[in-house]
Each structure stands twice: as C-alpha cells, then as structure tokens.
Amino acid sequence: MNEAPGNVRLVGGEMLLWSDMADMSGGVTDWRGSALELIRRMVPASGKVLLVGPHPQTVVDEVIAQAGLTGETSAAQAGLTGEESAASAGLAEDETVLTPLAGRVAVLVRSYPDACALAERHPALDVFCGRLEAFAADESYDLVLALDGLLRTHSAEAPAASWAESLDALSALVAPGGRLVLGVHNDLGVDRIVEARPADRDGGDDQWAPHGFDPSYPSGPGALDAALESAGLSVQRCYAAYPSRQAPRALLAREALAFDLPDALAFPLSARDADRMLVADPLRLTRLVFRHRLGEELAPAWLAVTVRPPLLTKERDDADAEERAYTALPLGLVQEGGTLYELTHTGLRQLPDGGERPIPAGRVLEEILVEACAREDTATVRELLAALADWVEDGGDAAAATDSLVYDGARFAPIGDLQGPAAPPDPRIVLCRILLRFAVRLQAAGHHHPWPWPLDADELTLTLCGMAGRSCDPGDLDRARKLDAELGQPAEPAGQAPTYRDLLGARDRLADQLTAALARIARLETKLSYRERELVRARGKLRRTQRKATAYRRTLGYRLSRRLARPRRVARKVIRLLSG
C-alpha cells in the first residue's frame, strides 16, 4: 500500500483494494446540472460540509468551489515568514499550509484508492476513509450530502448495518439547524419496471450483500418521511429524480407532482437508455405514471432535503431562517441538453439569469396521431397532418417532430429549445422528415394503423404526405434523411433494439396475420376439394354419356335413320334453291 497523502485519515473498515469510482457504470449516480444547482443553493457561505459516500467528481468540485476552499498555499502566500509559520502551525518552512477561505469540506468514503485520489486532487479537503458506522466525528456539520444513498457506506470487512441504523449514524453528524440531503433509490421505480435486467442482479463485484432483504429500507415516500422523522430530521422538501437513477436530469418536488404536469414538461422525462434491454417503452409507461399522479411513488430515485431542529436558545431566529431557506428551495429543476430550467408556479425560468416562459399547453402530437390510427380514424389523421403541413409552411420549427410538438387544437408548439439547421430547408423536406420519423416510430412500436401492414416506412411516409395534401417522392425521402443526419436525430436509430413488449406485440400481430392466412388457405383448400370432387363427378357423367352415345350410333335404327334422312335433306335444299 502506497503512503497516503497527509489529509487522509483512516477511521476503520476501509477497503484498501476497492474503488467505487473506477467504473461509473457500476451504479454510482451521475448527478448532473439539476443536482449541482440544488447544491449551490444549500452550501453555506461559512460552515462545515460533509460528503458521505462516493460522489461524481463534478459534485465534489462544486461543493469545494461553493465553500471557497483554496488548494495549496505556501507560507509566503499566507503572509507569514517561515519562522512564524513553523511556530504557529508546527510545519517546516518549505511545507505548505492548507488555508480555507470560508468553510470546511470533508469527505467520507470507504475506498482507500478513491480517498487518496480525492486528497491529491484537493489538498485542502479533509478525507476520511472507512465505513460510516466506524466514523466518530469530532464535530457536527452544517450540511451533510449523501446523494448516492447509504448502500455504499458499508464495508466488506464487517457485516452491513441496516438502512435505518446507517441513517441514525448519518443523522448524528448533522448539527442543530443543519441540513442533510439524502438520495434514496426506489426499488419500484419506473426505470426498474421497464428494465429486463435489473441493475442489482447483474452480479457485479460490489454486490456481495443482496439488496431487497432489508425491512427498514423505505418502501415509498411515506415510509421515507417516517424514517427521517424518527431519526430526528424534519423534511423540508422531497424531490423525485427522473428519468433514471443512473443519470437524473430533473428534480421535481412533491408539490409539483401533486397536480397534472403539462405534456410539454412530462414528455421529455422518459428518455430511453439504448444500452439496456427494456421490457416496455419507457415513454408510454412514464406518461401513464404522470397521468395517474404516481410520479413520486414510482420515481427512479428520491432526493430528500431535511433539517435538524435548531437549539431552543435560538429557536425563533433559526425558525425564520429555516422558513426563508424553504422558500428558496426550487419547486423543480429540469435540464434539457445543456440548458437548465427552474420550474415555477407559472412556467419555466432559464438559469442563471434567463427569462421565464410559460409551458406550452396541449397534448403531444404523436399521441394524438397514434390514438387516431388505433381507431382507424383517417379523417382526424388527415386533418392533423394538413394542419401540420400548414404550420411547417408558415415558418414552423425545422427541427420539430411529432414527439417534440404539442397541439392544443388550434396551434402547434415545440417542446424545449430545438436546434435547427444552419440554412432553412424546403418546407416539403421538413414535413417529409417529420412524417418519416413518425412512420418509423409507429411501425417500430407495433401500433395499429389503418394502412396495409406490408408497407415499409418509406411507403407509409409517402402515404402520410399524400394525406397531408403534399406530394413527396423518393428523392424527398433521401433529402429528409440527410436533414435528420444534419440535426443529429436519425429516424432509424442504430443499435436500439425494440423493447420486449414491442417484440411480443409484433409477434402477436404476425401470429394473427398468420392465423388469418391459414384460415383463408383452409377455406380455399376446402373449396378446391369440393370443386375437384364436382369435376370428377362431371367427368364420370361425361364419359358415361359418351359411351351411351357411341353405343346408340352403332344400332341398326340409328344407321337406317341416318341413311333415310339424307335424301330428304337433299330434296329440301333443292326446293329452297328453286324457290329462292
């Protein structure tokens, strides 16, 4: 084992050859812009902050930046002579002094390599290495961050404590009036429901203790609130993290989820992860979750912001400060691409200093079209596509698609900020691209539609263009694909396999078509067998008639009648000639 940096302290239960950050795909939550913005608003200007468990490097850097810690400052930079610095700090003249500008930041991780890496990257950081239960802090902290939860605070060197016991140990580190921000993964989150291979059953090296057998682990938002209150903490706000527990992009408070979220806000919160095998389409399932107001119960993860009640001596002042801090907490934070928005009661406000815009009303256009196709309501489809074509020709967004437009019955509005092409393309090509994407998604999801199933995506696109009252040809399809490639949104995403339910739907559809074809073949075979039997009977009857006729022609009467009939016929012909 290499010598640890001077700011690393071992507390017991450290894992010397293990790293939680070596492979981020192992399950450590990759908190991004939404969580970083929430942290910025909670880090005290002058106070003590503790990070418990593994966190992404961006989170650690943000906390250190907000706390105002310097890196390494020499004694001369601190304004002291060598003798003064040695006398005051007990250091040699050429050694460095770790100087906090405002607050102090400490980190507790179980991995020794991770602790050394953090200590070398941030010399002003207090790094503790070991398990949570063995950490005997000399002081309490104004802000404790455990965004990854409590499962990675245990060590393989000792039996893992229950979730409730770990929470008690964690809450004991929070100072009176201080905050604890705790992340909790939901075992029944919508992302777990759609995954065919759950992450906690992949057999990873860090899964030496099976998850799901701890009765103290919270089973829902109510159980989480009760556990936090029993640990002496008061819940200020509980956020639901979407769209997945690996990389949340949105934090929505339960006050926001108590109402019907607009489609323009809820629709982007179900991004599909292409590297996972999925049971169902997460878009459709997440839309149902929000529609039935189960956004908090079925969230992939929860992020609880709690506070420890202040001391009685300053209860009133701290209560006022707590009320101000509560009102400062955002109602929701949503990240779209590289832009971060704050959810307000009236719309979305772009951060840091952008203006506020209302959330467009209406339903997602793709859902309206899919519903009309399921009913075989071609009149509604024709009306919607004609209105869409008019919108495109009137200057509609060239980067729009049926899954990024909402329609309120009168006008279309794009969802989010769409990045269009450098040069404005032909409106006919834009419409062809939109309908091509819809045709691909319609067939890939196995939705019912009123057109013949043998049609491929290109043929179906040309049919939809005709229903919109605009003529397109195969050359327009090629230009539409080039426009998709320019926008970085290919209509046929490579390497994205259909979900298991989509495959079942396609199999059932093909099975129905095969059953219908076999029934038709059986009817045709029955009819053919009947016709063949009738033909055999007719041929037998014809042969019998021919034999009777042959026998009749051989009789004496038939031959005499034929001979006697000849003179009469000759006489009749002569009479007709003479009389003519």
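Tally the residues that are outside any helix (DSSP H, G or I) and either open to solvent by less than 40 Å² (accessible area, probe 1.4 Å) or modelled with pLDDT of 75 or more (or both), restricting the search to region 277-326.
23
Count, please, the residues in region 119-150 that happen to be touching a helix residue (DSSP H, G or I) at 6+ places or on another chain (Cβ under 8 Å) and either among the acidic types (D, E) or part of a loop (DSSP other than H, G, I, E, B) (or both).
8
Could you tell me which numbered condition P176 fails, if it satisfies all but one of (1) open to solvent by 50 Å² or more (accessible area, probe 1.4 Å); (2) in contact with a Leu (Cβ under 8 Å, 6 or more places away or on another chain); (3) modelled with pLDDT under 85?
(3)
Among the residues of region 226-245, which ones are open to solvent by less than 30 Å² (accessible area, probe 1.4 Å), charged (D, E, K, R) and over 21 Å from the mean Cα position of the chain (by Cα)?
R237
Somewhere in region 407-420, is a residue touching an Asp or Glu at 6+ places or on another chain (Cβ under 8 Å), open to solvent by less than 10 Å² (accessible area, probe 1.4 Å), touching a residue at least 60 places away in the same chain (Cβ under 8 Å) and not in a helix (DSSP H, G or I)?
No, that holds for no residue.
Checking the structure you have, find out if any residue of region 86-93 is assigned to a loop (DSSP other than H, G, I, E, B), open to solvent by 40 Å² or more (accessible area, probe 1.4 Å) and modelled with pLDDT of 90 or more.
Within region 86-93 (the criterion being assigned to a loop (DSSP other than H, G, I, E, B), open to solvent by 40 Å² or more (accessible area, probe 1.4 Å) and modelled with pLDDT of 90 or more), the answer is no, since none of the residues qualifies.
Return the pair list, or none, for Cβ contacts closer than 9 Å from residues in region 259-272 that are over 15 Å from L288 (Cβ atoms) and modelled with pLDDT under 80 to residues that are of a type in the set (K, R) and buried (at least 18 other Cβ atoms within 10 Å of the Cβ), at least 6 apart or on different chains.
Pairs that qualify, where the first residue is over 15 Å from L288 (Cβ atoms) and modelled with pLDDT under 80 and the partner is of a type in the set (K, R) and buried (at least 18 other Cβ atoms within 10 Å of the Cβ), are P268/R249; A271/R249.
Could you please find all residues in region 164-190 being out of contact with any strand residue (DSSP E or B) (no Cβ under 9 Å at 6 or more places or on another chain) and of a type outside the set (G, A, S)?
Selection gives E165, D168, P176, D187, L188.
What do you reckon, is Q77 assigned to a loop (DSSP other than H, G, I, E, B), modelled with pLDDT under 90 and polar (S, T, N, Q)?
The answer is yes for Q77.
All but one of (1) at pLDDT below 90; (2) closer than 20 Å to Q246 by Cβ; (3) open to solvent by 20 Å² or more (accessible area, probe 1.4 Å) hold for E37; which doesn't?
Among (1) at pLDDT below 90; (2) closer than 20 Å to Q246 by Cβ; (3) open to solvent by 20 Å² or more (accessible area, probe 1.4 Å), E37 violates only (1).
Evaluate the following for A399: is it part of a loop (DSSP other than H, G, I, E, B) and surrounded by 16 or more Cβ atoms within 10 Å (Cβ to Cβ)?
Yes; evaluated as a whole, the condition is true for this residue.
Among the residues of region 349-368 satisfying the criterion of being in a strand (DSSP E or B) and touching a residue at least 40 places away in the same chain (Cβ under 8 Å), which is nearest to the chain's Cα centre (by Cα)?
V364
Give all pairs with beta carbons closer than 9 Å in which a residue from region 9-23 that is closer than 10 Å to R110 by Cβ and hydrophobic (A, V, I, L, M, F, W, C) meets a residue that is in a loop (DSSP other than H, G, I, E, B) and open to solvent by 90 Å² or more (accessible area, probe 1.4 Å); count only pairs at least 6 apart in sequence or on separate chains.
Within 9 Å, the pairs are M15/E157; W18/D205.
Test E525 against the criterion of being among the acidic types (D, E), assigned to a helix (DSSP H, G or I) and open to solvent by 100 Å² or more (accessible area, probe 1.4 Å), and give yes or no.
Considered against the rule, which asks whether it is among the acidic types (D, E), assigned to a helix (DSSP H, G or I) and open to solvent by 100 Å² or more (accessible area, probe 1.4 Å), E525 comes out as yes.
Looking only at region 179-194, count every residue that is open to solvent by 40 Å² or more (accessible area, probe 1.4 Å) and part of a helix (DSSP H, G or I) and tell me the total.
2
Can you tell me which residue within region 56-71, out of those that are open to solvent by 20 Å² or more (accessible area, probe 1.4 Å) and part of a helix (DSSP H, G or I), is nearest to Y242 (Cα to Cα)?
T58
Considering region 46-55 alone, what residues qualify as being in contact with a Leu (Cβ under 9 Å, 6 or more places away or on another chain) and either without any contact (Cβ under 8 Å) to a residue 24 or more places away in the chain or open to solvent by less than 50 Å² (accessible area, probe 1.4 Å) (or both)?
G47, V49, L50, L51, V52, G53, H55
Which one is modelled with the highest pLDDT among residues in region 6-17 that are surrounded by fewer than 17 Cβ atoms within 10 Å (Cβ to Cβ) and either in a loop (DSSP other than H, G, I, E, B) or touching a Cys at 6+ places or on another chain (Cβ under 6 Å) (or both)?
Per the stated criteria, the residue is L10.
Just give me the residues in region 150-160 being buried (at least 24 other Cβ atoms within 10 Å of the Cβ) and of a type outside the set (S, T, N, Q), in sequence order.
If the condition is that a residue be buried (at least 24 other Cβ atoms within 10 Å of the Cβ) and of a type outside the set (S, T, N, Q), then L150 is the only one that fits.
The values are calculated or read from the model by the stated rules, or taken from the named source; none is laboratory data. None of these values were measured; they are calculated from a predicted model. In this analysis, Cβ positions are derived from the backbone assuming ideal geometry, glycine residues included, and neighbour counts consider all displayed protein chains. Heads up: the accessible areas ignore ligands, DNA and RNA and are worked out on the full protein's heavy atoms, side chains in. Shrake-Rupley method; radii C 1.70, N 1.55, O 1.52, S 1.80 Å.
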